[in-house]
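Inspection log for the structure reproduced underneath, given as structure tokens.
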Amino acid sequence: MKRPVVLYIAATLDGYIARENGEIDWLYEAEGEGDNGYSEFYETIDTVLMGNKTYEHTFELADQFPYPDKRCYVFSRSEKEPSPHVTFVTGDVPEFIENLKEQEGSKIWIVGGAEILDVLLKSKLVDEFIITMVPTILGKGIPLFKKDNPEMKLSLAKTKRFGQMVQLHYTVKS
């Protein structure tokens with residue numbers, strides 16, 4: 001059985017994952033509950049995927065790299081200096097993910113951002129969507145989904161409420 005690739009992310013009610021400048025301050029203003037299910041989800045994964053912009057942004061949000069105990073792959077269009085916590089990938093993203101899904105392990109988390117998600121959606125490589133809806137309308141920003149994605153049929157696996165937020169968990173129908 002192939003390892004599932006999971007999008008676990010928060011989005012505004014109008015479908016944005018960040019402001020136009022990449023800021024996610026609106027997320028911290030939302031009334032949640034505990035860590036809003038993060039710890040529980042984090043235990044189900046062993047691999048983290050992210051684009052270079054998201055990787056660079058993590059250091060603005062945290063003093064230390066937040067995923068030191070997971071295998072982490074950062075996709076970049078240019079060569080990068082080696083890092084102790086991540087492996088930079090400059091090759092074909094869909095091919096890399098297909099190979100990763102065949103390896104032993106648990107779930108693979110798409111941390112972000114919008115560019116890498118778009119590539120994976122267009123290649124039909126996302127198996128689960130766990131989206132926490134935040135009761136905020138930004139009006140503009142970085143959209144969760146870009147245009148021209150293939151049609152996908154989903155099945156609702158579960159919902160959870162965390163204070164004022166609702167988490168929707170969908171799996172892709174075969």
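What do you reckon, is Y38 open to solvent by 40 Å² or more (accessible area, probe 1.4 Å) and hydroxyl-bearing (S, T, Y)? It is true that Y38 is open to solvent by 40 Å² or more (accessible area, probe 1.4 Å) and hydroxyl-bearing (S, T, Y).
When residues in the range 24-35 are screened for being open to solvent by less than 30 Å² (accessible area, probe 1.4 Å) and assigned to a helix (DSSP H, G or I), 1 of them pass. Mind checking whether some residue in the range 76-99 is among the hydrophobic types (A, V, I, L, M, F, W, C), at pLDDT 95 or above and out of contact with any helix residue (DSSP H, G or I) (no Cβ under 9 Å at 6 or more places or on another chain)? There is at least one residue in the range 76-99 that is among the hydrophobic types (A, V, I, L, M, F, W, C), at pLDDT 95 or above and out of contact with any helix residue (DSSP H, G or I) (no Cβ under 9 Å at 6 or more places or on another chain).
On the basis of being charged (D, E, K, R), open to solvent by less than 80 Å² (accessible area, probe 1.4 Å) and in a strand (DSSP E or B), does K160 make the cut?
Details: charged (D, E, K, R): yes; open to solvent by less than 80 Å² (accessible area, probe 1.4 Å): yes; in a strand (DSSP E or B): yes.
The answer is yes for K160.
Residues in the range 123-133: is at least one farther than 18 Å from E43 by Cα, touching a helix residue (DSSP H, G or I) at 6+ places or on another chain (Cβ under 8 Å) and without any contact (Cβ under 8 Å) to a residue 40 or more places away in the chain? Yes, some residue in the range 123-133 is farther than 18 Å from E43 by Cα, touching a helix residue (DSSP H, G or I) at 6+ places or on another chain (Cβ under 8 Å) and without any contact (Cβ under 8 Å) to a residue 40 or more places away in the chain.
The values are calculated or read from the model by the stated rules, or taken from the named source; none is laboratory data. Quick caveat, the model's predicted, so the values are computed rather than measured. Neighbour counts run over all protein chains shown; Cβ positions are idealised from the backbone, glycine included. Heads up: the accessible areas ignore ligands, DNA and RNA and are worked out on the full protein's heavy atoms, side chains in. Shrake-Rupley method; radii C 1.70, N 1.55, O 1.52, S 1.80 Å.
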